[in-house]
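Colleague: First the structure, which I've put down as structure tokens, then a few questions once you've had a look.
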């Protein structure tokens, strides 16, 4: 590894604390701007005035804003995001409980999106201007245009209600509920680890629809980026060289053209994965998937401020880490030093 | 004859109809060194690349005859073309910065050319790549083999390119402006290397350049192209006897020590050359 | 008269040797238009966008039913001559509501763009031109806003403000400006050190004048392409906010809100929530097709 590359990687690492601080500040300010009085949320609507005053003092709300931020920051560093009114548990506990389901959903969707999107993009670029290319173009533009909640509802209508080939919403059939041990929090994995194949197949079946809906959304993006990168790579002079060497079409396509875009593609995949989090918020709402997105929208509707801010912060954090990984991939993997 | 071309035409579709880039070019090439000279857009590169069928996909190519060693290139299928490309005819392009794959090491790119046409294990091919790098007069072939193109200078990159194209031991080498992107001090070195290798291996050479004196110095014959056609073809030693006004114009706009001029001539283009 | 016909003739517009700068500019535009026109999908997108704009502007003329008139006896009706798209859960005419909903969507998109493009341009060009500490601070702020997924940040903002159209517009705008700032900054960086900017500076122009008169106009074309491609994202975010109950509030005929309200009927009266869904999809796809075609013409490198 050259010094230059290391410096670049360190530079992207160094920007993290600043961005992180900004992230926390923004969530804090959003929380303070909320029209809901956090004291009433905790003490209840009908608490006597002296109780309200005491809670206000305890929460440090009589302090100036910077002091309040300091308290918020200190609690955060101790892993304390406050309590959720809706679940009456610590928000960190809630997030730990809900996050694995999102991870399971998003990762499955990502695998599907990559396995379909990348080859589609590569072949579309190779056959640029052909009918196949046009079909792929429309198919992926449609994926970027369809609202995830509409697609989810229509899927439920067609595959669950009309055709009856897919299970309904949720993560597991009611009959199996509570039977799968909590190991990783990802039900399909837990059922497999437990060795219970009925539960495994039921969980997997429940995963198919939301994962497919979510995957379509990112697949569209991955396909389009892959196609664009490949078209650029295929127009390179080194492709003429490869052809002049008498290489086979597949070797030119995969070894030379695709080999040149893998690093950039990795960064796109990291961003696509981050984008999945956004899609997950809506998908989980439509399919009642008990993940962080459902937790977020649920607490929004209940004006559960701590939960909203906690979930927002955690999603922002994951997003930040993925962005960082994509930056690092660029500066560490590409043999070309910039 | 290694290459026979008769009435080659290359056209490109544009908004206002077909535009002709190469018109009715005929030439033959044996085991000799032929230079094609012309300005940018004169069709010299397209003519050369037609021999390997390496034109852009939107190009339309027609000819009465387009043959490599008796093989009809217009009707040849992809596998047949692949047996010619690299194996029997190599192509060296202008700028190694773009013509070498940026994410493969020099050694891997040479070894690939070797293995595709000669087979053998990875190890043998890697060793062959180092040998080839030594043949193109690189002092530290093992180090260069492990380098990525961006780590090499232009002259070094072009040597890698030459080594790669010589790996399968072809009969014809097409060099498309092989030194235009290089520093002046390296240009002559690379050309001498090409000439030396071509003569030693008894190959045919098609050297494409915009530099008339340079080409005439290294080649046996010179063809001058203008606006898609060959306007003049003559032995390299008889350049002074050129008759076409374009060729004369190219020669006269150069300063010489033997015939000093107060003011160099400026090329006067005649629209009738286009017809 | 004859001068006029020369100007409009195809030959004049396709001339290889334009006689004036104006003609050269028109030749370039006309060529671009020909290339765009040859792209059938982009033309479909353009036509759909045009129809959508006209239909929503003319909604009071086209929709002969009051979009908020309830008819509980005739609720959830299948499409008929009286109600082209049927009626919703309160017996309101879905066709009229779709048309009026188009106005809301269009209005939100226009409002967001009107907020976002100037902010992004200002931040980006100032950061790019001044460089140094100003650049670093502004770009850090941009990074912070980029560090949230758009919808999630918009949700949090709306929750802090108060669910409704205005909040939704502000929230989407707050989350949409960073990419514009980055784009404008990148464009500014490429022209900042050119000779013509140096010449303007030598002529004594102030920094605000250079940014406003010389740099911003150069960033504009790439911003326009970006805006077209961003439209579908804005529409989808607005609809998602509506669907999650954080955007336009019932009884407003906003498409996402309509789906949320009739979501429960998806299994029986499936057309009620599906029709607004199709409307969102169609408009968003149309903008994507249009933007895709425009990018092919205006920025061929990025295909």
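Colleague: If r is the Cβ-Cβ distance from residue C:298 to residue A:51 and R0 is 56 Å, what FRET efficiency results, to the nearest 0.05?
Modeller: Values: r = 64 Å, r/R0 = 1.13.
Here the calculated transfer efficiency is 0.30.
Colleague: Quote the convex hull volume per residue of the protein assembly as shown, based on C-alpha atoms, as a whole number of Å³. Don't skip to the answer; put the middle values down first.
Modeller: Values: hull volume 226.8 nm³, N = 916.
Dividing the Cα hull volume of the protein assembly as shown by its residue count gives 248 Å³.
Colleague: Okay, moving on. In a GNM of chain B with a 10 Å cut-off on Cα contacts, which of B:159, B:65, B:241 has the highest mean-square fluctuation?
Modeller: B:241
Colleague: Specify, per residue and in Å³, the volume enclosed by the convex hull of the alpha carbon atoms belonging to chain C.
Modeller: Values: hull volume 56.1 nm³, N = 303.
It is 185 Å³ per residue.
Colleague: Roughly speaking, what is the centre-to-centre gap between the range A:72-96 and the range B:91-134 when only Cα atoms are used, to the nearest Å?
Modeller: So the separation of the two Cα centres works out to 59 Å.
Colleague: Stokes-Einstein D for the range C:72-158 at 4 °C, 1.567 mPa s, Kirkwood Rh over Cα pairs, in µm²/s? Could you put the intermediate results ahead of the total?
Modeller: Numbers: Rh = 16.8 Å.
For the chosen part, D equals 77 µm²/s.
Colleague: A follow-up question, please. Can you give the Rg to Rh ratio of the range C:126-186, both from alpha-carbon atoms, with Rh computed by the Kirkwood formula? Can you show the working numbers first?
Modeller: Details: Rg = 13.2 Å, Rh = 12.3 Å.
Here Rg/Rh amounts to 1.07.
Colleague: Angle check, please: helix C:132-146 long axis (alpha carbons) against the longest principal axis of chain C (alpha carbons), in degrees 0 to 90, nearest 10.
Modeller: Computed tilt is about 20 degrees.
Colleague: Mean shadow of the range A:42-165, computed from the convex hull of its alpha carbons, in nm²?
Modeller: On the way: hull surface 57.6 nm².
So the mean shadow area of the Cα hull is 14.4 nm².
Colleague: I want to make sure I understand the PRE zone here: with the label point 7 angstrom from the Cα of residue B:40 toward its beta carbon, which residues in the range B:184-218 have backbone N atoms less than 17 Å away?
Modeller: Hits in the range B:184-218 for residue B:40 at 17 Å: B:208-212.
Colleague: Sticking with this structure for a sec: Starting from the exponent 0.38 and prefactor 2.2 Å, build the expected Rg for the range B:63-194 from its residue count and divide its actual Cα Rg by it. Kindly include the intermediate steps, with their values, before the conclusion.
Modeller: Numbers: Rg = 15.2 Å, N = 132, 2.2 N^0.38 = 14.1 Å.
Cα Rg divided by the expected 2.2 N^0.38 Å: 1.08.
Colleague: Can you give me the three principal axis dimensions of the range C:1-133 from its C-alpha atoms, in Å, biggest first?
Modeller: Principal extents (largest minus smallest coordinate, Cα): 70, 56, 28 Å.
Colleague: Treating the Cα atoms of chain B as identical point scatterers in vacuum, please give the log10 of the normalised Debye intensity I(q)/I(0) at q = 0.11, 0.13 Å⁻¹, two decimals.
Modeller: So the normalised log intensities are -0.66, -0.90.
Colleague: When you count, for each residue, the other Cβ atoms within 10 Å and take the mean per peptide, how do B:148-156, B:249-257, A:257-265 rank with the highest first?
Modeller: On the way: B:148-156: 17.7, B:249-257: 13.3, A:257-265: 20.1.
Ranking, from highest mean packing down: A:257-265, B:148-156, B:249-257.
Colleague: Next question. Partner chain Cβ atoms within 10 Å, averaged over the residues of A:290-303 - can you pull that number for me? Walk me through the numbers on the way to the answer.
Modeller: Working: counts 0, 0, 1, 4, 0, 0, 6, 5, 0, 1, 8, 5, 0, 1.
So the per-residue partner count for this stretch is 2.
Colleague: Can you give the three extents of the C-alpha atoms in the range B:131-257 along their principal axes, from longest to shortest, in whole Å?
Modeller: 50, 29, 29
Colleague: Now, a different point. Compute the long axis of helix A:49-58 from its Cα atoms, compare it with the longest principal axis of the Cα atoms of chain A, and write down the angle in degrees, 0 to 90, nearest 10.
Modeller: Computed tilt is about 50 degrees.
Colleague: How many angstrom lie between the C-alpha centres of the range C:96-129 and the range A:220-270?
Modeller: 36
Colleague: Any chance you could give the angle, 0 to 90 degrees and rounded to 10, that helix A:3-33 forms with the longest Cα principal axis of chain A?
Modeller: 40
Colleague: Here's something else I'd like to know. Tell me the Kirkwood radius of the range B:211-275: reciprocal of the mean inverse pair distance over distinct alpha-carbon atoms, in Å.
Modeller: Numbers: mean 1/r = 0.0787 Å⁻¹.
By the Kirkwood definition, the hydrodynamic radius is 12.7 Å.
Colleague: Under a 10 Å cutoff between Cα atoms, tell me which one of C:171, C:24, C:111 has the largest fluctuation in the Gaussian network model of chain C.
Modeller: Sorting by GNM fluctuation, first place goes to C:24.
Colleague: Here is a follow-up. Dividing the convex hull volume of the alpha carbon atoms of the range B:43-101 by its residue count, what do you get in Å³ per residue?
Modeller: Numbers: hull volume 6.6 nm³, N = 59.
Taking only Cα atoms, the range B:43-101 has a hull volume of 111 Å³ per residue.
Colleague: Rounded, prolate or oblate, given the Cα gyration tensor of the range A:140-229, with a/c below 1.5 counting as rounded?
Modeller: Details: a/c = 3.25, a/b = 1.66, b/c = 1.96.
Oblate.
Colleague: Roughly how crowded by other chains is peptide A:252-264, in terms of the mean Cβ count from those chains within 10 Å of each of its Cβ atoms? If you can, show how the numbers build up before the last one.
Modeller: On the way: counts 0, 0, 0, 4, 5, 1, 0, 4, 4, 1, 1, 1, 0.
Taking the mean over all residues of the peptide, I get 2.
Colleague: Going highest first, how would you order A:6-15, A:236-245 by mean Cβ packing within 10 Å? Don't jump to the answer; show the numbers that get you there.
Modeller: Working: A:6-15: 13.4, A:236-245: 22.3.
In decreasing order of mean packing, A:6-15, A:236-245 become A:236-245, A:6-15.
Colleague: Please compute, for peptide C:273-285, the average count of beta-carbon atoms on other protein chains lying within 10 Å of each residue's beta-carbon. Mind dumping the intermediate values first?
Modeller: On the way: counts 5, 4, 0, 2, 8, 3, 1, 5, 7, 1, 1, 6, 7.
Counting other chains' Cβ atoms within 10 Å and averaging over C:273-285 gives 4.
Colleague: Given a 10 angstrom Cα cut-off, can you work out which residue in C:282, C:199, C:159 is the most mobile in a GNM of chain C?
Modeller: Fluctuation is largest for C:199.
Colleague: Taking the range A:94-333, how much of its Cα-Cα pair set, in percent, is spaced more than 22 angstrom apart?
Modeller: Details: 17077 of 28680 pairs.
The share of Cα pairs beyond 22 Å in the range A:94-333 comes to 60 percent.
Colleague: Quick one: divide the alpha-carbon radius of gyration of the range A:196-331 by 2.2 N^0.38 Å and tell me what you get.
Modeller: Its radius of gyration relative to the 2.2 N^0.38 Å reference: 1.42.
Colleague: FRET efficiency for residue A:13 and residue A:201, Cβ-Cβ distance as r, R0 = 35 Å, nearest 0.05?
Modeller: For residue A:13 and residue A:201, the calculated efficiency is 0.20.
Colleague: What is the calculated FRET efficiency for residue B:80 to residue A:250, with r their C-beta to C-beta distance and R₀ = 30 Å, to the nearest 0.05? Before the final figure, lay out the partial values.
Modeller: Numbers: r = 18 Å, r/R0 = 0.59.
Efficiency, rounded to the nearest 0.05: 0.95.
Colleague: Kindly provide the helix-only [θ] at 222 nm of the protein assembly as shown, computed as the sum of -39,500 (n - 2.57) over DSSP H runs of four or more divided by all residues, to the nearest 500 deg cm²/dmol? Let's see the in-between values first.
Modeller: Details: 36 runs with 553 residues, N = 916.
Here the helix-only value at 222 nm equals -20000 deg cm²/dmol.
Colleague: May I ask for the equivalent-ellipsoid semi-axes of the range C:137-224, computed as the square root of five times each C-alpha gyration tensor eigenvalue and listed largest first in whole Å? Walk me through the numbers before you get to the answer.
Modeller: Details: eigenvalues 234, 32, 23 Å².
Listed largest to smallest, the semi-axes of the range C:137-224 are 34, 13, 11 Å.
Quick note: the coordinates plus some simple rules give every number you see, no bench work behind them. Being a predicted model, the structure only gives us computed values, none of them experimental. Positions of Cβ are generated from backbone atoms using ideal geometry, with glycine treated the same way; all protein chains shown enter the neighbour counts.
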